[in-house]
Amino acid sequence: MTEPFVASGRRRLLLALVLLLITALYLVQAVHYARVLVPVHDGVQYLMVGAMAVRGELGVYDDRLVGNRLPLPFYVLGLTQILAGGPSLYAARALNVAFGALILLLTAGLARRLAGDGAAILAALFLATQGVVVAYYSYESYPAFASFCLIGALYVFVADASPARRVIGLGLIGLLFFVRSNLWPVVPFMLAYALWSARTKSMRALLVAVVAVPPLVFLAWNSAHLKILAYVPVLRRLVAPLGYVSALTLDDRQALALGSQLYEVLRVVRRYEFWALAGALLIGVGCWRRLAGRPTGFPHGWAGAQVRMLTALLAASVGALFVMYYWNFHWVGLYFLPYAPLTALLLGVGWAGLLRTARPEGWPRRLLLVALVGVLLPPLYFARNPLLPTGDLAKKDPVGSAYAAAAHIRALVPPHARVFFYGLNEIYYLSGRPITYLQQMYIPYQFVRVPTEDWIVRRSGFVTATQMRDWLSSGADYAVIDSTFVEAMRPQFVAEEREMLALLDRYFEPIGSVTEFPLRSLIVYRRKGAPAGSQAPS
């Protein structure tokens, strides 16, 4: 009588060991990527502002910031800088590596709930071997946290059909509103599904409440500080494609734009090429089996309904990304990342079904296994991630050299100096020197490119010409200028930037060049006539 329980226990132990090995494979890659990936100014924004927000020095919708981002990633990633005692890429990356391991386990757990042990193992493998995704989940920005929030909420919602779990799960899905706007399509889709599957009016009212109340409270509480107009572009992305498509026949230039967009779609597919190939093979073999009257291994009953729902969710969400970012499909490859665990889950469920229904000794199963190896092993090596250094750049150790350049800035700039900054922020942030003018550190393109009234410029988080003149003429005692960025942007300079360089030459003198970082050189200036280590009068 105890034999079934013993066998079940052994299977669970074997599954745990296999998942442990897959998690180890993931962690080996993730730790390597966390050590070598090139720092990015976009990620540093989260660390810098997040740390200041956690300390209570500002809100994430401060007028000095371009307030178009949602708060949770700032606080989560900013907390790593507080715990590390100062600016640290490694602290944020370590947290993201941990998020990645949790994502892997949640993905495997949900796949097991839907389609058994084989699906759990394959879903974990599809995620752990996709080097481009592992790398993105290991740098200092938000993708790992956003993915953890999505797969965690779906796990709670889907893994148990009880009313309580549905309410809690949908509440967690509603909180995605506070994570990233590229997750917003999930919220109405899952709310509609929950309302459709609810049995009573009171349950439907509760489901609407858990989704709607938190954002409404947030908007009401922050109404005095939010830049609501910052979200207008997001809304426009949902309706503008209609006019865009209808205008294609009116202007030949649109045909060129369409060609460019198709090229960007191909780039997105190439970035995740082995997932695309695995999906195409899965669909092709599944359709062939269905037409031949053979079983596909697709889950039935409740599990099958959940898999169909998750497939529709992925299709709708990725489709929404192409609508939201219709003006440049280039961004879809990055904003797809929160949906990567869902992709791995569906691939694992589908391939497990194909293998389960193939005869153990037949040639179709052998071909499936060969194909499976062909889509799992190569992406471990071919990680098409733009942050991954190669060749000479990899030999120069971008992360180590960034810290070395930061130490050089610390040697040139006193701890309490007032500093004018222009350029990309990674190196200066790591130096720990004062962030005197926050706007300059948050966005590299700190001047507006069209004529705009000063109060609008200030309210939108940009720098006005008047502010720039004041800071350079009397406010700052040091300046740190990203000369590489200056040369790259010089052909696109507006009048304010040309005047900035002239005032810099008038009031400041160079005291050192920071060249340790291979991608960027910075020049440090001190106000003319000021002794070393001095500060401008307050």
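None of Arg469, Arg449, Arg490 is charged (D, E, K, R), at pLDDT 95 or above and more than 23 Å from Leu412 (Cα to Cα) except Arg469.
Each residue in region 374-401 was checked for being among the aliphatic types (A, V, I, L, M), more than 14 Å from Tyr272 (Cα to Cα) and in a helix (DSSP H, G or I), and 3 of them qualify. Of the candidates Leu337, Leu354, the single residue that is under 22 Å from Gly109 (Cα atoms), at pLDDT 95 or above and not aromatic (Phe, Trp, Tyr) is Leu337.
Scanning region 58-93 for residues that are surrounded by fewer than 18 Cβ atoms within 10 Å (Cβ to Cβ) and of a type in the set (Gly, Ala, Ser) turns up Gly59, Ala84, Gly85, Gly86.
Identify the residue in region 402-419 that is part of a helix (DSSP H, G or I) and open to solvent by less than 10 Å² (accessible area, probe 1.4 Å) and, among all such residues, is nearest to Pro510 (Cα to Cα).
Of region 402-419, the ones part of a helix (DSSP H, G or I) are 402-412.
Checking which are open to solvent by less than 10 Å² (accessible area, probe 1.4 Å) leaves us with 402, 405-406, 409.
Working: Ala402: 21, Ala405: 16, Ala406: 17, Ile409: 13 Å.
It comes out as Ile409.
Checking each residue in region 319-373 for being surrounded by 15 or more Cβ atoms within 10 Å (Cβ to Cβ) and part of a loop (DSSP other than H, G, I, E, B) picks out Tyr325, Tyr326, Trp327, Phe336, Ala358. Filtering region 244-297 down to residues that are open to solvent by 50 Å² or more (accessible area, probe 1.4 Å), out of contact with any Lys or Arg (no Cβ under 9 Å at 6 or more places or on another chain) and modelled with pLDDT of 90 or more, which residue is farthest from Asn385 (Cα to Cα)? Among residues in region 244-297 that are open to solvent by 50 Å² or more (accessible area, probe 1.4 Å), out of contact with any Lys or Arg (no Cβ under 9 Å at 6 or more places or on another chain) and modelled with pLDDT of 90 or more, the one farthest from Asn385 (Cα to Cα) is Cys287. For region 493-538, a tally of residues being β-branched (Val, Ile, Thr), at pLDDT 95 or above and farther than 30 Å from Asp392 by Cβ returns 0. Considering only residues in region 298-311 that are in contact (Cβ under 8 Å) with a residue 24 or more places away in the chain and either outside any loop (DSSP other than H, G, I, E, B) or open to solvent by 30 Å² or more (accessible area, probe 1.4 Å) (or both), the one that is nearest to Ile151 (Cα to Cα) turns out to be Leu310. Taken over region 25-56, the criterion of being in a helix (DSSP H, G or I) and closer than 15 Å to Pro71 by Cβ is satisfied by Gln45, Tyr46, Leu47, Met48, Val49, Gly50, Ala51, Met52, Ala53, Val54. State whether one or more residues within region 393-413 are more than 24 Å from Leu104 (Cα to Cα) and either aromatic (Phe, Trp, Tyr) or at pLDDT below 90 (or both). There is at least one residue in region 393-413 that is more than 24 Å from Leu104 (Cα to Cα) and either aromatic (Phe, Trp, Tyr) or at pLDDT below 90 (or both).
The values are calculated or read from the model by the stated rules, or taken from the named source; none is laboratory data. Remember, it's a predicted structure, so these values are computed and weren't measured experimentally. Cβ coordinates were reconstructed from backbone atoms using ideal geometry, including for glycine residues, and neighbour counts include every protein chain displayed. Only protein heavy atoms, including side chains, enter the accessible area calculation; ligands, DNA and RNA are left aside. Shrake-Rupley method; radii C 1.70, N 1.55, O 1.52, S 1.80 Å.
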